[in-house]
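Student: Take a look at the following structure, please.
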Amino acid sequence: MKSVTEALSLVEEFSRPLSIENRALQEAAFYYVATDLVAPVDLPPFHQSAMDGYALNRYAGKSYDIVGEVKAGDRPEVHLHPGEAARIFTGAALPPSADTVVRQEDVAVDRARMVLEKNPERGTNIRRQGEQVKAGEVALEQGSYLNPAAIGFLASLGIDRVEVYQKPSIAIVSTGNELIKGGQALSPGKCYESNSVMLRSALDSLHFHQVEVFHWKDHYEETVANLEELLSGFDMVLISGGISVGDYDYVARALEAVGVDNIVDRVRQKPGKPFYFGIKGETPVFGLPGNPGAALTCFYIYIRTYLERMIGNSDYQLHTSEARSIREFSKRKGKVQFCRAYYSGDTVEILEGQGSSGLQSFARSNSFVYLPEDIEWVAAGDRLKIIVLPVL
Ligand code: AMP
Ligand code: MG
């Protein structure tokens, strides 16, 4: 049995980025960049107007002849002399002979004459060539996350393919003779299966979509045979249920039989004590408690940590913060407790209903309150560590 800290550092230690793949930019959102990305061109690619207005050769008093026009996309063919101006629009190339753009709001125009109502600052309202990044400079470092802004930035540089760390293919297995699918009528002794549905949506929300779901009976030989197949067919295996100490909990025995090296076997925590982590070759296997609340807790603490590092987010840490408890809470010594909680600003409410199985309070929570092993009592007003969940 490990402490939470030990278990989490083992999970971190054994997680490595998967190999690199080349993806079309549009298919690379929510991946991590595997190489430094160098700008192939200047951005902006030319001096351009930042406003709709008039380009001046230079400041030459209040009054100017309008001698041409440059729209976005035009070559800037017009040549300006002192005292001349060109109509220009946002994003249009600045004529080489111009040094300033005045906003159309700051001028009065009468046919081919333009009169300044304000004196412009020289060089104003121009986006300079290479002002964001110059050709040859690193635009995004290795390890950057390709969020929508990053995708847009790379697109604006004309980059259409990128090297990223692969994402894993993941098998989710739910075990248990008692489980039936939603939509069927309940019969005596049966329960609706929720873990695979829940874990799959947790993976979806973190942009892991290569997922397959399996349902196994509590049967030792079948579990062994099925495990061997999954271990060679997926980059990660998540198994819910069957991992604790009941007579029909076959998963731990089967994992041993197929040669999985056990790294974490139970953790001093609540909920989620039966948590199991092992590796065969390169393939990690996580055993999650069948109790749904416990399974999801382990997912957010351990599996997410493993996954983030697997996809190249090498600095990933749980997102923690602090808040003041608005209520009292008692717990037993000797285990960390992850309490489902709702934080808002500087305060946090530990919610009613902290059993391992229940999901109702979990569905309403946006965080865990993290209570260390040796704590027995939380008073209202105590400052508590919280772990923010990616559930919004
Ligand atoms: P186990 O870890 O297999 O002993 O299961 C512990 C509890 O969780 C039992 O009440 C199971 O019925 C329940 N359980 C196990 N797997 C699931 C699942 N996939 N969906 C919903 N409940 C489950
Ligand atoms: Mg079971």
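FYI, it's all coordinate maths here, none of it is from the lab. Nothing here was measured: the structure is a model prediction, and the numbers come from that model. Positions of Cβ are backbone-derived with ideal geometry, glycine not excepted, and every protein chain shown enters the neighbour counts.
Student: Residue-wise, which Karplus ³J(HN,Hα) couplings in Hz belong to the range 219-226, taking 6.51 cos²θ - 1.76 cosθ + 1.60, θ = phi - 60°, and x for glycine or proline?
Tutor: Computed from phi, the couplings for the range 219-226 are 8, 4, 4, 5, 4, 4, 4, 5 Hz.
Student: Above 21 Å lies some portion of the pair distances; for the range 48-127, what is it as a whole percent of all C-alpha pairs? Spell out each step's value before the answer.
Tutor: Working: 353 of 3160 pairs.
Roughly 11 percent, once rounded to a whole number.
Student: Something else: List the residues whose amide H sits under 5 Å from the amide H of Phe208, counting only those 5 or more places along or on another chain, with H placed 1.01 Å from N in the peptide plane.
Tutor: The answer is none.
Student: Okay, moving on. Please list, in order, the residues from the range 197-228 whose amide nitrogen is less than 16 Å from a point placed 7 Å along the Cα→Cβ vector of Gln184.
Tutor: Residues passing the 16 Å test: 197, 214-219.
Student: Give me the Kirkwood hydrodynamic radius of the chain, using the inverse of the mean 1/r over all pairs of distinct Cα atoms, in Å to one decimal.
Tutor: Kirkwood radius, the chain: 25.2 Å.
Student: Amide H to amide H, which residues 5 or more places from Thr100 or on other chains are under 5 Å from it, using H placed in the peptide plane?
Tutor: Residues meeting the amide H criterion: Leu56, Gly123.
Student: Counting other C-beta atoms within 10 Å, which of His319, His219 has the fewest, and how do the rest follow?
Tutor: Working: His319 11, His219 16.
By the 10 Å Cβ count, ascending, the order reads His319, His219.
Student: Test of the criteria: in the range 245-330, which GluC sites (Glu not before Pro) are in a DSSP loop and have at most 15 other Cβ atoms within 10 angstrom of their Cβ? Provide the component values of the computation, followed by the final result.
Tutor: Working: sites: Glu256, Glu282, Glu308, Glu322, Glu328; in loops: Glu282, Glu328.
For GluC sites (Glu not before Pro) across the range 245-330 that sit outside H, G, I, E and B with at most 15 neighbouring Cβ atoms in 10 Å, the list reads Glu282, Glu328.
Student: Say each of Arg111 and Lys217 gets a label point 7 Å from the Cα, pointing the same way as Cα to Cβ; how far apart are those two points in nm?
Tutor: So the two model labels end up 9.5 nm from each other.
Student: Follow-up question, since we're still on this one. Provide the percentage of antiparallel DSSP beta bridges, counting only those with both residues in the chain; round to the nearest 5.
Tutor: Details: 57 of 84 bridges.
Given both bridge residues lie in the chain, the antiparallel proportion sits at roughly 70 percent.
Student: How big is the dipole moment of the chain about its Cα centre under a simple scheme where the beta carbon of each Lys and Arg is +1, that of each Asp and Glu is -1, and everything else is neutral? Debye, nearest 20, please. Present the calculation step by step, with values, prior to reporting the outcome.
Tutor: On the way: 40 positive and 51 negative charges, 183 e Å.
Result for the chain is approximately 880 debye, rounded to the nearest 20.
Student: Would you grab the residues whose amide H sits under 5 Å from the one on Arg324? Only those 5+ places off in sequence or on another chain, please, with H modelled 1.01 Å from N.
Tutor: Here the answer is Thr347, Val348, Leu384, since their amide H atoms fall under 5 Å of that of Arg324.
Student: Helix-derived [θ] at 222 nm for the chain: sum -39500 (n - 2.57) over DSSP H runs of at least 4, divide by residue count, nearest 500?
Tutor: On the way: 8 runs with 70 residues, N = 392.
That comes out to -5000 deg cm²/dmol.
Student: Here's something else I'd like to know. Report, in whole Å, the centroid distance computed from the Cα atoms of the range 177-219 and the range 114-129.
Tutor: Centre-to-centre distance over Cα atoms comes out at 63 Å.
Student: Using alpha carbons only, how many degrees (0 to 90, rounded to 10) separate the axis of helix 4-14 from the longest principal axis of the chain?
Tutor: 60
Student: Can you work out ³J(HN,Hα) from phi for every residue in the range 316-328, in order, using Karplus 6.51 cos²θ - 1.76 cosθ + 1.60 and θ = phi - 60°, giving whole Hz and x for Gly and Pro?
Tutor: 3J(HN,Hα) across the range 316-328, in whole Hz: 4, 9, 4, 7, 10, 7, 9, 7, 8, 5, 9, 9, 7.
Student: Could you tell me which residue out of Val101, Phe14, Ser232 lies farthest along the dipole of the chain toward its positive end? Charges go on the beta carbon: Lys and Arg +1, Asp and Glu -1, centred on the Cα centre.
Tutor: Result: Val101.
Student: Also: HN-Hα J couplings of the range 66-81 from phi, Karplus 6.51/-1.76/1.60, θ = phi - 60°, integer Hz, Gly and Pro as x?
Tutor: The phi angles translate into 8, 10, x, 8, 10, 9, 4, x, 6, 6, x, 7, 5, 10, 9, 10 Hz.
Student: Once you place label points 7 Å from the Cα toward the Cβ at Arg364 and Arg122, how far apart are they in nm?
Tutor: 6.7
Student: Here is a further query. Select from the range 28-130 those GluC sites (Glu not before Pro) which occupy a DSSP coil region and have at most 13 other Cβ atoms within 10 Å, ordered by residue number.
Tutor: Working: sites: Glu69, Glu77, Glu84, Glu105, Glu117, Glu121; in loops: Glu77, Glu117, Glu121.
Passing both the DSSP loop test and the Cβ count: Glu77, Glu117, Glu121.
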